[in-house]
Amino acid sequence: MQIKKVVNHSNTRWRVSTYVDGKRRQRFFSSKKLAVEWMKLLRVDESCVNFWSEISIEEQRDIISAYKLAASKGLSVYRCLLQTPTQLELKPLSVLDAILEYQEVIKQRSLRPASLKQTQLFLSQLADEFGNELVHCVTASLLEKWFQKRNWKRSTIDGVIAKIGPFFSWLVREGYIEKSPSSAIQRPINEDTGPPKIFLAKEAAQLLSTALQLDPPLAKYFAIGLFAGIRPHEICRLKTSDISDRYIEITASTSKTRKRRLVTVLPNPWAQCSD
């Protein structure tokens, strides 16, 4: 198909030469715009004219979702289909519906109230961002953009992934997605790359002395952390009955790993802070 500016009967015209059904056709137009529009009409595939209007709304949504998924991978829809395993049959489910279903699942698990509340918070934020998307359309790159949009730092991102990661793992197990996008997330560089702070004996004594003066109960918290090596969250869950002069009992419900253990108390440091 060719378009050319010519003079026809002393008038400037735009000539389009092409072949239709094997026969050469030629038409003249008064402007290039009209010539181009006629060329576009010839290129229209008759089978595609009414394609979109003849399919159901559900099929339209599936095609849109397939296009978004392919675009996120930098592929055409056709290439994306070729790379998808033929035996894989994903169940279509929106993020919002998946979260509602998953929340009923985690309620049956023995999660601590604080952990359950934090998980529900992040899942709610996930639903606000991707609620209408199909779960298999949520990619690692989309999650990374979500983190950037909320201006979350590395420590917060680590916490969010720890809470929503099991949700995506559950989606894989139930056959809703092929693989978890959370495992492919590129986390930002951790700005806190310095060596850990190690208290000198003089600094530890100063810390305990200040705590005893300003907030005596807090001195016991510091003493347990400094001399017993117990995690901060575990210290917060300790009861008075868990602490004795000989050892500190970390029960299963208190422990981060859900395993009971006894931590021996060193007599000299403890004697100064146990009163």
As an exercise: evaluate HIS136 against (1) on the phi > 0 side of the Ramachandran plot; (2) touching a Leu at 6+ places or on another chain (Cβ under 6 Å) and give the number of the one condition it does not meet. (1)
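Condition check ((1) among the aliphatic types (A, V, I, L, M); (2) over 19 Å from PRO188 (Cβ atoms); (3) without any contact (Cβ under 8 Å) to a residue 12 or more places away in the chain) across all residues:
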{"position": "ALA114", "(1), (2), (3)": "yes, yes, yes"}
{"position": "GLN118", "(1), (2), (3)": "no, yes, no"}
{"position": "CYS137", "(1), (2), (3)": "no, yes, no"}
{"position": "SER141", "(1), (2), (3)": "no, no, no"}
{"position": "TRP146", "(1), (2), (3)": "no, no, no"}
{"position": "ILE157", "(1), (2), (3)": "yes, no, no"}
Do any strands (runs of 3 or more DSSP E) entirely within segment 1-71 hold 2 or more residues that are among the hydroxyl-bearing types (Ser, Thr, Tyr) and modelled with pLDDT of 80 or more, and if so, which? 11-20
Residues located in segment 154-177, provided they are touching a Pro at 6+ places or on another chain (Cβ under 8 Å) and surrounded by fewer than 16 Cβ atoms within 10 Å (Cβ to Cβ): ARG154
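So that you can scan it fast, the table gives a plain yes or no per residue for (1) surrounded by fewer than 14 Cβ atoms within 10 Å (Cβ to Cβ); (2) free of Cβ contacts under 8 Å to residues at least 40 places away in the same chain:
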position	(1), (2)
SER182	no, no
GLN186	yes, no
LYS202	yes, yes
LEU208	no, no
GLN213	yes, yes
ALA219	no, no
ALA223	no, no
PHE227	no, no
Quick check: anything in segment 212-220 modelled with pLDDT of 90 or more and not hydrophobic (A, V, I, L, M, F, W, C)? no
Just give me the residues in segment 125-143 being surrounded by 14 or more Cβ atoms within 10 Å (Cβ to Cβ), assigned to a loop (DSSP other than H, G, I, E, B) and not β-branched (Val, Ile, Thr), in sequence order. GLY131, GLU133
Quick one: which helices (runs of 4 or more DSSP H) sit completely within segment 164-245 and have at least 2 residues that are over 32 Å from the mean Cα position of the chain (by Cα)? 201-214, 216-227
Please state which one of ASN151, ASN190 is surrounded by fewer than 17 Cβ atoms within 10 Å (Cβ to Cβ), polar (S, T, N, Q) and outside the structural domain of LYS107 (by TED's automatic domain parsing). ASN190
Mind counting the residues in segment 92-112 that are among the basic types (Lys, Arg) and either in contact (Cβ under 8 Å) with a residue 60 or more places away in the chain or under 20 Å from ASP158 (Cα atoms) (or both)? 1
Of the criteria (1) within 21 Å of HIS233 (Cα to Cα); (2) among the aliphatic types (A, V, I, L, M); (3) modelled with pLDDT of 85 or more, which one LEU111 fails: (3)
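For (1) hydrophobic (A, V, I, L, M, F, W, C); (2) touching a Leu at 6+ places or on another chain (Cβ under 9 Å); (3) closer than 25 Å to GLY74 by Cα, each residue gets a yes or a no:
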| residue | (1), (2), (3) |
| --- | --- |
| ILE106 | yes, yes, no |
| ARG112 | no, no, no |
| PHE130 | yes, yes, yes |
| PHE167 | yes, yes, no |
| ALA205 | yes, no, no |
Taking the conditions exactly as written (part of a loop (DSSP other than H, G, I, E, B) and either of a type in the set (Phe, Trp, Tyr) or surrounded by fewer than 11 Cβ atoms within 10 Å (Cβ to Cβ) (or both)), does TRP146 satisfy them or not? no
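The values are calculated or read from the model by the stated rules, or taken from the named source; none is laboratory data. Keep in mind it's a predicted model, so treat the numbers as computed, not measured. Quick reminder, even Gly has a Cβ in these numbers, built from the backbone with ideal geometry, and neighbours come from all protein chains shown.
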